[in-house]
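This report refers to the structure that appears directly beneath it.
Just so it is clear, none of the values below were taken in a lab; they were calculated from the coordinates. No experiment lies behind these values; they were computed from the predicted model shown. Note that we place each Cβ from the backbone using ideal geometry, even for glycine, and neighbour counts take in every protein chain shown.
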Amino acid sequence: MNPTPPRALTIAGSDSGGGAGIQADLRTFFACGVHGMTAITAVTVQNSLGVTGVHTIPPEVVAAQIEVVATDIGVQAAKTGMLATAEIISAVAAACDKVHIGLGGATPLIVDPVSASMHGDPLLRDDALDALRGELFPRATLVTPNLDEVRLLTGIEVRSRAEQRDAAKALAEYGSKWVLVKGGHLWDDPECLDLLYDGSEFTEFVGPRYDVRHTHGSGDTLASTITSALAKGADMVSAVRAGKAFIVESVRAAYPLGGGVGPVSPRWRLPDADQFLVGE
Ligand code: PXL
């Protein structure tokens, strides 16, 4: 019998275009060798040009998805993506408590505070920011905001690496164990610096900045890789290092799709995929 792989859970929204959200998380989990499970929070109507509709799932159904997989299959690490509303955030917090996901329990919880799509379409209602800060951050092992999310959450406009440190300190006040302030949106910086902070020490992860337009799903892919590494038992610094290496290659492997923005891709982990079914 084959061994059961580590299991990771994503609590996030569906992207019908297959670029971001649940779809990005599942293919990243697969490429990282973990079994992926889903608690779907919302269905977005979306293609490469943007989001034209959002249908949220009832909060009790989101909670039930978390509880059934955790009690039967088991979860070694969990992440949140698009949560859409304050009511869903409260339900996720309560369900995570019940099944020991998050800082109160044994299972690490990564909170990616998704607030908008790359096109600027809202994925989180304005009145949900308080719930995110007050109910989810105190349960989070790691939070992974980009600079737009930093501004929404703290009011800090990061324009330099020094301000990136200030933002990490401000975010740590909300109670997560670790904070990762992603520097991809610091456009003047020739490198992408992601800054990890544990409340006392900073660790810097630097990578190249590629001039690619197709970066849909990059935040989801980074957070899912970190989640996969934690599910496999890695410590946080190693998990973020793995995530950084993985997202750099996945940005290099990004491809155009439709008339708009294409996705980053973990297909570089499957070098034979093009030949399979048609080759030899
Ligand atoms: O990349 C953030 C994200 C997460 N989840 C869903 C999305 C997006 C971006 O568009 O659509 C469902």
*By the gyration tensor of its Cα atoms, with a ≥ b ≥ c the square roots of the eigenvalues, what is the shape of region 228-280: rounded for a/c under 1.5, prolate for a/b over b/c, or oblate?*
oblate
_Loop sites in region 139-218: GluC sites (Glu not before Pro), DSSP, at most 13 other Cβ within 10 Å_ = E157, E173, E201
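Looking at region 165-206, which chymotrypsin sites (Phe, Trp or Tyr not before Pro) are DSSP coil and have at most 11 other C-beta atoms within 10 Å of their C-beta?
On the way: sites: Y174, W178, W187, Y197, F202, F205; in loops: Y174, W187.
Here the chymotrypsin sites (Phe, Trp or Tyr not before Pro) that fit, given the DSSP loop and packing criteria, are W187.
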_Starting from the 7 Å offset along Cα-to-Cβ, what nm value, one decimal, do you get for the label separation of A94 and A116?_
3.1 nm
*Rounded to whole Hz, the Karplus (6.51, -1.76, 1.60) HN-Hα couplings of region 83-93, x for glycine and proline*: 10, 6, 9, 4, 5, 5, 4, 4, 5, 5, 4
*asked:* Just to check I understand the Karplus step: with θ = phi - 60° and J = 6.51 cos²θ - 1.76 cosθ + 1.60, what whole-Hz values come out for region 250-263, glycine and proline as x?
replied: 6, 6, 4, 8, 4, 9, x, 8, x, x, x, 9, x, x
*Of C192, C32, C96, how do they rank once you tally other Cβ atoms within 10 Å and put the fewest first?*
C192, C32, C96
_Descending semi-axes in Å of region 1-115, equivalent ellipsoid built from Cα gyration tensor_ = 23, 18, 11
_Between D272 and N2, how high is the FRET efficiency from 1/(1 + (r/R0)^6) when r is the Cβ-Cβ distance and R₀ = 22 Å? Nearest 0.05._
0.60
*Hydrodynamic radius by Kirkwood, which averages 1/r over all alpha carbon pairs of region 7-270, in angstrom*: 17.9 Å
*asked:* Quick check: from the Cα gyration tensor, does region 122-174 come out rounded (a/c under 1.5), prolate or oblate?
replied: oblate
_Residues whose placed amide H lies under 5 Å from that of T38, excluding near-sequence neighbours_ = T10
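Please go through the residue pairs K182/K244; K98/K232; K98/K182; K98/K244 and name each one whose alpha carbons sit more than 20 Å apart in this structure.
Details: K182/K244 10 Å; K98/K232 22 Å; K98/K182 30 Å; K98/K244 32 Å.
With Cα atoms farther than 20 Å apart: K98/K232; K98/K182; K98/K244.
Quick one: grab the alpha carbon gyration tensor of region 50-189, order the square roots of its eigenvalues as a ≥ b ≥ c, and give me rounded if a/c is under 1.5, else prolate or oblate depending on whether a/b is larger than b/c. Mind dumping the intermediate values first?
Details: a/c = 2.18, a/b = 1.42, b/c = 1.53.
Judged from the Cα gyration tensor, region 50-189 comes out oblate (a/c at least 1.5, b/c at or above a/b).
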